[in-house]
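Notes for the one structure printed next.
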Amino acid sequence: MSHSDDDRLILVIFDHPRMKIVTNPEEMRFLSRGERTRRGRLGLVPTMGALHDGHLSLLRAARSRSDVVAASIFVNPTQFGPTEDFAKYPRNLESDCALLEREGVELVFAPSVDEMYPKGAETWVVVEGMSDRLCGRARPGHFRGVTTVVSKLVHVIEPDLAFFGQKDAAQVAIIKRMVRDLNLPVSIEVCPIVREPDGLALSSRNSYLTAEERKSALVLYRSLTRVQQEFANGERDASNLIESGKREFAQQAGARIDYLEIVDPDSLEAETKITKPVLVAVAAFLGKTRLIDNITLLP
Ligand code: AMP
């Protein structure tokens, strides 16, 4: 962490007497163990900061289902590819902490990269197969970074519950598989997607969009809605449904589709006929910004 980050952190700590902000993993484990012993069930909301109403919904779910709430703020370098936006990803530790305190969060874990990944760290947690599907195809190594950091957070904070957004549906499926496969003692709680009034799913990356790109970005949800309509009209063939969604992109200037797929929500494997609940997932570029969204179809 740079000197100026340190200064900022000290300021933040003085400003938030009711909430502890910790950067050291050992200190965090000591505090979270203490809170669990004193108060009971600990709910963790892992984030990369730049908090918005989607994160707030997770914090409120955690507040209602746990006795003590911890949030982590860590822009995790290992889940970004070499040409991705790690350096420019929005970072607002001070305003994020003000918001977390308003939500009644007791513990904030905000480690530096060096505290999270000591020099020479070479150990990875990988869910094989699933990690190469959906976003994993276009972003090799992304889910390896996610599963590694989430397993580290679980080991450091030892939460009873961990809250994730359905917005990142593939992430949810892969984390659930990791928790099952490694017998991690944590319950994964999934919260619905929070959207803008016009349908755009909230994302920290929406702040990158120009006014023009913001308008074009509506095509993600519009394509999903189109698939939903065709499904409601009785279409059950996955490739026909995918084609109808892709037609929305063909008519939208300024948006470049990465994928639109219909998959099993647990295995992320492609489905051909819709006979059980499926995930319709889409990713697209608006200029340099890559956004994702999804819906579930329930026969
Ligand atoms: P991030 O800070 O982008 O890593 O997101 C932290 C958590 O917030 C993840 O579990 C996301 O799935 C969740 N999240 C992000 N955006 C939304 C949204 N629009 N609605 C619900 N959850 C969200």
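The values are calculated or read from the model by the stated rules, or taken from the named source; none is laboratory data. Since this is a predicted model, take the numbers as computed values, not measurements. Every residue, glycine as well, gets a Cβ built from its backbone with ideal geometry; the counts of neighbours run over all protein chains shown. Note: accessible area is taken over every heavy atom of the protein model, side chains too, but ligands, DNA and RNA are not part of it. Shrake-Rupley method; radii C 1.70, N 1.55, O 1.52, S 1.80 Å.
Condition test on GLU122, is it charged (D, E, K, R), in a loop (DSSP other than H, G, I, E, B) and farther than 30 Å from ILE262 by Cα?
Details: charged (D, E, K, R): yes; in a loop (DSSP other than H, G, I, E, B): yes; farther than 30 Å from ILE262 by Cα: yes.
Considered against the rule, which asks whether it is charged (D, E, K, R), in a loop (DSSP other than H, G, I, E, B) and farther than 30 Å from ILE262 by Cα, GLU122 comes out as yes.
Find the residue count for the range 54-91, including only residues that are in contact with a Leu (Cβ under 8 Å, 6 or more places away or on another chain) and open to solvent by 30 Å² or more (accessible area, probe 1.4 Å).
Qualifying residue count for the region: 2.
Select from the range 178-220 the residues that are in a helix (DSSP H, G or I), within 11 Å of the ligand (Cβ to nearest atom) and either out of contact with any Ser or Thr (no Cβ under 7 Å at 6 or more places or on another chain) or open to solvent by less than 40 Å² (accessible area, probe 1.4 Å) (or both) and list them in ascending order.
Passing the criteria: SER204, ASN206.
Within the range 177-206, which residues are among the small types (Gly, Ala, Ser) and closer than 20 Å to GLY43 by Cβ?
Answer for the range 177-206, where residues must be among the small types (Gly, Ala, Ser) and closer than 20 Å to GLY43 by Cβ: just SER187.
Between ARG139, ARG144, which is under 30 Å from ILE295 (Cβ atoms), touching a residue at least 24 places away in the same chain (Cβ under 8 Å) and away from the ligand (no atom under 14 Å from the Cβ)?
ARG144
Give the range 250-285 a look and list any residue that's within 15 Å of ASP237 (Cβ to Cβ), open to solvent by less than 50 Å² (accessible area, probe 1.4 Å) and more than 22 Å from the chain's Cα centre (by Cα), or say none.
Within the range 250-285, GLU271, ILE274 qualify.
Anything in the range 128-137 that is open to solvent by less than 10 Å² (accessible area, probe 1.4 Å) and in a loop (DSSP other than H, G, I, E, B)? List them, or say none.
Selection gives LEU134 alone.
Can you pull out every residue in the range 226-249 that is open to solvent by less than 50 Å² (accessible area, probe 1.4 Å) and either farther than 22 Å from ASN206 by Cα or among the hydroxyl-bearing types (Ser, Thr, Tyr) (or both)?
If the condition is that a residue be open to solvent by less than 50 Å² (accessible area, probe 1.4 Å) and either farther than 22 Å from ASN206 by Cα or among the hydroxyl-bearing types (Ser, Thr, Tyr) (or both), then VAL227, PHE231, GLY234, ASP237, ALA238, LEU241, ILE242, SER244 are the ones that fit.
Which strands (runs of 3 or more DSSP E) sit wholly inside the range 240-299 and have at least 1 residues that are of a type in the set (Lys, Arg)?
It comes to 255-263, 289-297.
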